[in-house]
1. Confirm whether residue 284 is free of Cβ contacts under 8 Å to residues at least 24 places away in the same chain, farther than 27 Å from residue 446 by Cβ and among the hydroxyl-bearing types (Ser, Thr, Tyr).
2. For residue 203, are the conditions met, namely being open to solvent by less than 10 Å² (accessible area, probe 1.4 Å), more than 7 Å from the ligand (Cβ to nearest atom) and assigned to a strand (DSSP E or B)?
3. I'd like the full set of residues that are among the small types (Gly, Ala, Ser) and surrounded by 24 or more Cβ atoms within 10 Å (Cβ to Cβ), limited to segment 206-221.
4. Given the structure, is residue 118 open to solvent by less than 10 Å² (accessible area, probe 1.4 Å), polar (S, T, N, Q) and more than 8 Å from the ligand (Cβ to nearest atom)?
5. For segment 97-109: of the residues being open to solvent by 10 Å² or more (accessible area, probe 1.4 Å) and within 14 Å of the ligand (Cβ to nearest atom), which is farthest from residue 463 (Cα to Cα)?
6. Based on this model, can you work out whether residue 264 counts as of a type in the set (A, V, I, L, M) and touching a strand residue (DSSP E or B) at 6+ places or on another chain (Cβ under 7 Å)?
7. Using the structure shown, decide if residue 350 is assigned to a helix (DSSP H, G or I), among the hydrophobic types (A, V, I, L, M, F, W, C) and surrounded by 18 or more Cβ atoms within 10 Å (Cβ to Cβ).
8. If you take the residues in segment 179-196 that are touching a residue at least 24 places away in the same chain (Cβ under 8 Å), buried (at least 22 other Cβ atoms within 10 Å of the Cβ) and not in a loop (DSSP other than H, G, I, E, B), which one is farthest from the chain's Cα centre (by Cα)?
Amino acid sequence: MSHPTNPPTTPAPTPALSAAALRAALGATTPVVAPDDDDYGAARAIEPGGVEQRPAAVVRPADTDAVARAVRLARDAGAEVSVRSGGHSVFGLGSADGALTLDLRGLDGVEIDVGGRTAWAGGGITAGAYSRAAGEHGLATPFGDTGTVGVGGITLGGGVGLLSRSLGMTIDSLLGAEVVTADGEVVRADADHEPDLFWALRGGGGNFGVVTRFRFALHEVSQVVGGVLLMPATPEAVAGVVAAADAAPPGLTMVVMVMPAPPMPMIPADWHGRLVVMANACWSGPLDEADAALAPLRDVAARAGGALLDGLRTAPYPSLLEGGPQGGPVVATGRTFFADGLDEAAATHLLEQLEGSDAMMRAAQLRVLGGAVADVPADATAYAHRAARVIGNVAAVAPDAATAAGYTPWVDALAARLRGADGAYVNFSVDGGLDVARAAYPGATWDRLLDVKRRYDPQNVFRGNVNVPPA
Ligand SMILES: Cc1cc2nc3c(=O)[nH]c(=O)nc-3n(C[C@H](O)[C@H](O)[C@H](O)COP(=O)(O)OP(=O)(O)OC[C@H]3O[C@@H](n4cnc5c(N)ncnc54)[C@H](O)[C@@H]3O)c2cc1C
């Protein structure tokens, strides 16, 4: 989230990556956008504000073969390949200075096998588009809480969302992938083919190749009870919601935000700007058991003075992924952490810090895990933090990158105070440094990822990620 702003210069492309050379090699069916082109600004744009990356060229492949040819060209030129899927990397990984950026948004197909409960999804589809297509059959694969996020990035990093406690992380529903490796080969990775690569893809990020197609398990999820319950933020309310989410049956997953209430019409006007707890809940169990499952959450709200908004309702699951951040890119600085829970002392500190900050928007997000996430052994996938009960995130939003950077010490200190367990979750990490990679991939996970990286990408062609360096 904290983004260094790069000088507005474009590194000279190597001759092999000039627009003319790329167009000649890739042919008319694969659009190439170069720095001199009028649409270069739009082509290199990614979701987070304050990121000014200038790739040597943006290539928009329409199929796996075009991806493979582009990767071979980049490799032969000694260039980095950056991969842009949904463009939501919180530190702008979808683009990189001087890189060949592969914009996968054209790979947005989805094929659903209703009877077999599986789906193939293009490497550039969004979680929302996939979920709407699956939802037409009363089926779902768990992604996050925001439909505009790319299936590519969220899956490769792990994927925690509104179905995590009932159905596990996204990677727990990944059955296989079609991958273009660093040498431009197309391989299939699943339990029976390239099993080490398949293991590494499930949490190891974009380190190992370009995934052109994902094969997912589908689960019967049709109507759920979900939405937002908003209450005044007291220490008891913050700690109580986290405890209620942790004690809930696995059919209930909550993403808890603590922040000043935004000036939205559905929130009472006298609460605008005052600290609130916003519990984004999703009950995916039997509908007639929803009220009982949600009762402890509503009890916490009652003890905090009453719900300011009770938007919990029966709705089709995909509708819960709609909405998301509005109003264009924001510049933010943030820090992620793991914790075992959040007691009232920590909640008191959190509220004091949020109250005392002058950032135009500041928030703590607490995702309560456990349930099906914790049922998977830590070494089964490259995401190793199965025992962590809470993934947290502290963020401050600012009008520009320089101002945002000024809040970095604040988010660092607050995250350090709330942190209760080691580790990092790559999808919420704000830089790709070695310390982050080592925190994300502890012990034997790191050793195995290094081994897979050396076998599949010894030149580190794919380094625009929380990088596992082969050397
Ligand atoms: C508003 C918002 C909400 C979010 N909500 C959640 C959430 O609920 N749960 C959660 O777990 N995370 C969430 N995230 C984090 C998100 O999962 C990561 O930022 C993720 O990397 C975004 O993926 P993307 O494809 O949109 O981004 P991109 O910037 O396009 O891609 C990020 C990186 O992923 C890799 N990558 C993407 N696609 C491919 C591919 N097909 N093949 C190879 N590598 C690929 C590349 O390294 C790429 O640079 C959220 C982020 C935002 C901004």
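1. No, not satisfied.
2. No.
3. Taking segment 206-221 as the starting set, the residues that turn out to be among the small types (Gly, Ala, Ser) are 206, 209, 217.
Once the filter is applied, which keeps residues that are among the small types (Gly, Ala, Ser) and surrounded by 24 or more Cβ atoms within 10 Å (Cβ to Cβ), segment 206-221 yields 206, 209.
4. Details: open to solvent by less than 10 Å² (accessible area, probe 1.4 Å): no; polar (S, T, N, Q): yes; more than 8 Å from the ligand (Cβ to nearest atom): yes.
It is false that residue 118 is open to solvent by less than 10 Å² (accessible area, probe 1.4 Å), polar (S, T, N, Q) and more than 8 Å from the ligand (Cβ to nearest atom).
5. 109
6. Against the criterion (of a type in the set (A, V, I, L, M) and touching a strand residue (DSSP E or B) at 6+ places or on another chain (Cβ under 7 Å)), residue 264 does not qualify.
7. In short, yes.
8. So, considering only residues that are touching a residue at least 24 places away in the same chain (Cβ under 8 Å), buried (at least 22 other Cβ atoms within 10 Å of the Cβ) and not in a loop (DSSP other than H, G, I, E, B), the one farthest from the chain's Cα centre (by Cα) is 180.
The values are calculated or read from the model by the stated rules, or taken from the named source; none is laboratory data. All figures in this text were calculated on a predicted structure; none of them were measured in a lab. Methodologically, a virtual Cβ is constructed for each residue, glycine included, from the backbone with ideal geometry; neighbour enumeration extends over all protein chains shown. Protein only, heavy atoms only, side chains kept; ligands, DNA and RNA dropped before computing areas. Shrake-Rupley method; radii C 1.70, N 1.55, O 1.52, S 1.80 Å.
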